[in-house]
Each structure stands twice: as C-alpha cells, then as structure tokens.
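Participant: Next up is a structure, given as structure tokens.
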Amino acid sequence: MRAPLEALFPIARTAGHFVPGDGDGVITAAGVEMGVAICFEVAFDPAAREPVARGAQLLTVPTNNATFGHSPMTYQQLAMSRVRAVEHNVPVLIGATSGVSAVIGADGEVQQETEIFEPAALVAQVEIGSAGTMATRLGSIPQAVCCLIGLVGLAWAVIYTRRQSAHDPKES
C-alpha cells in the first residue's frame with residue numbers, strides 16, 4: 001500500500017524502504033531484557049506488546065526523524081511512546097539522532113527530554129521489574145470483542161429497521 005499512501009501523504013516519499021528483521025524484538029543489555037520498537041513501529045500495538053509479553057522490562061525506541069524536520073512527527077512519536085509506557089507499565093527510552101530523545105516512566109511521565117536537533121545525552125535511573133498489564137496479556141482481544149459487539153448491534157439495527165418499514169402502513 002506504499003503507492004496510495006505516498007499519493008495521500010507526499011512526505012512519505014522521503015521515508016526509506018524498511019524491511020522487517022528476523023528477531024523477536026527483545027535484546028539483553030547488562031542483564032536487562034529490553035524491547036525494541038523503531039520510531040514508526042511504536043504506533044502499532046504488537047511492536048510494544050509482544051516484547052513485554054516475552055519478558056522485556058523496558059522499551060527502547062531508536063529513531064531518526066530528520067526526514068520530518070521540525071514537523072510535529074517527533075512529538076507524535078513521543079506521545080505514542082507515553083501511551084505505550086502506561087499501556088504496558090514499562091519505562092520507555094527514546095533515542096533520537098535528530099528528533100526528541102526522552103526518558104519516560106512507566107506512568108507515562110516524561111522524566112527527561114531534549115529539543116529537536118539538540119545534541120545531548122540523557123542519563124537516568126528507571127524502575128524496572130513490574131512490566132506488563134492486562135493490555136499486555138489480552139492483546140487485541142478486547143478490541144475484537146468490541147468490534148464484534150458493534151457489528152452485531154449494527155446488523156440488529158438494520159434488520160429491525162427493515163422489519164419496521166415492512167410493517168409500517170404509513171410507508172406504503
């Protein structure tokens with residue numbers, strides 16, 4: 001779907017052509033299991049959920065937002081990373097070569113943050129050890145159930161409305 005997306009969003013033409021790796025999204029450093037979701041992946045539930053479900057105690061989001069310059073994109077990724085922190089009760093570390101780098105606590109609070117295109121190093125201690133929530137365990141099941149309920153409700157409304165129209169003498 002690259003061509004239609006590039007037609008709708010011309011800025012997408014400047015992004016690279018990425019291919020998936022063959023790892024499971026979990027790496028170990030200094031004895032700590034860490035999930036890795038590169039920049040745009042943080043928008044997709046599995047990229048954060050699966051590493052935490054496999055034992056990651058924190059998430060890292062390496063990114064290069066140079067393509068997007070001073071646009072809001074880097075702040076959108078920061079916001080999505082904050083959501084992922086709360087969703088999975090896990091600290092998130094964003095390392096950007098050109099966008100905003102940040103340290104986010106498991107509660108979604110930004111503990112440290114750089115400016116766009118600011119050379120800096122962030123050093124922080126984060127609490128690990130209690131990663132994972134019901135969202136981590138259930139994944140997309142609640143979403144699927146809600147969609148199913150919505151579809152059943154829609155089908156019922158269509159059937160009910162058609163039956164009412166068929167029996168309503170004023171419609172004739």
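Participant: Looking at the range 95-117, which of the residues that are of a type in the set (Ser, Thr, Tyr) and in contact (Cβ under 8 Å) with a residue 24 or more places away in the chain is surrounded by the fewest Cβ atoms within 10 Å (Cβ to Cβ)?
Facilitator: Step by step, filter the range 95-117, then rank; the result is THR97.
Participant: Filter the range 76-94 for residues that are more than 11 Å from the chain's Cα centre (by Cα), open to solvent by 20 Å² or more (accessible area, probe 1.4 Å) and within 16 Å of ALA43 (Cα to Cα) and give the result.
Facilitator: VAL86, LEU93, listed by residue number.
Participant: Considering each residue of the range 67-98, count those that are assigned to a helix (DSSP H, G or I) and either more than 18 Å from ALA120 (Cβ to Cβ) or touching a strand residue (DSSP E or B) at 6+ places or on another chain (Cβ under 9 Å) (or both), and give that number.
Facilitator: Residues meeting the conditions: 17.
Participant: Test ALA120 against the stated conditions and say whether it is within 23 Å of PRO51 (Cα to Cα), over 16 Å from the mean Cα position of the chain (by Cα) and either modelled with pLDDT of 90 or more or surrounded by fewer than 16 Cβ atoms within 10 Å (Cβ to Cβ) (or both).
Facilitator: no
Participant: Can I ask one more? Between VAL36, VAL52, which is closer than 21 Å to MET80 by Cα and open to solvent by less than 20 Å² (accessible area, probe 1.4 Å)?
Facilitator: VAL52
Participant: Please specify each residue of the range 56-75 satisfying the condition of being closer than 24 Å to ASP107 by Cβ, surrounded by 14 or more Cβ atoms within 10 Å (Cβ to Cβ) and not hydroxyl-bearing (Ser, Thr, Tyr).
Facilitator: Across the range 56-75, the qualifying residues are ALA56, GLN57, LEU58, LEU59, VAL61, PRO62.
Participant: I'm trying to understand the selection: among the residues of the range 89-108, which are closer than 21 Å to THR67 by Cβ and small (Gly, Ala, Ser)?
Facilitator: Passing the criteria: GLY95, ALA96, SER98, GLY99, SER101, ALA102.
The values are calculated or read from the model by the stated rules, or taken from the named source; none is laboratory data. This is a predicted model, so every value here is computed, not measured. Neighbour counts run over all protein chains shown; Cβ positions are idealised from the backbone, glycine included. Keep in mind that these areas ignore ligands, DNA and RNA; they rest on the heavy atoms of the full protein, side chains included. Shrake-Rupley method; radii C 1.70, N 1.55, O 1.52, S 1.80 Å.
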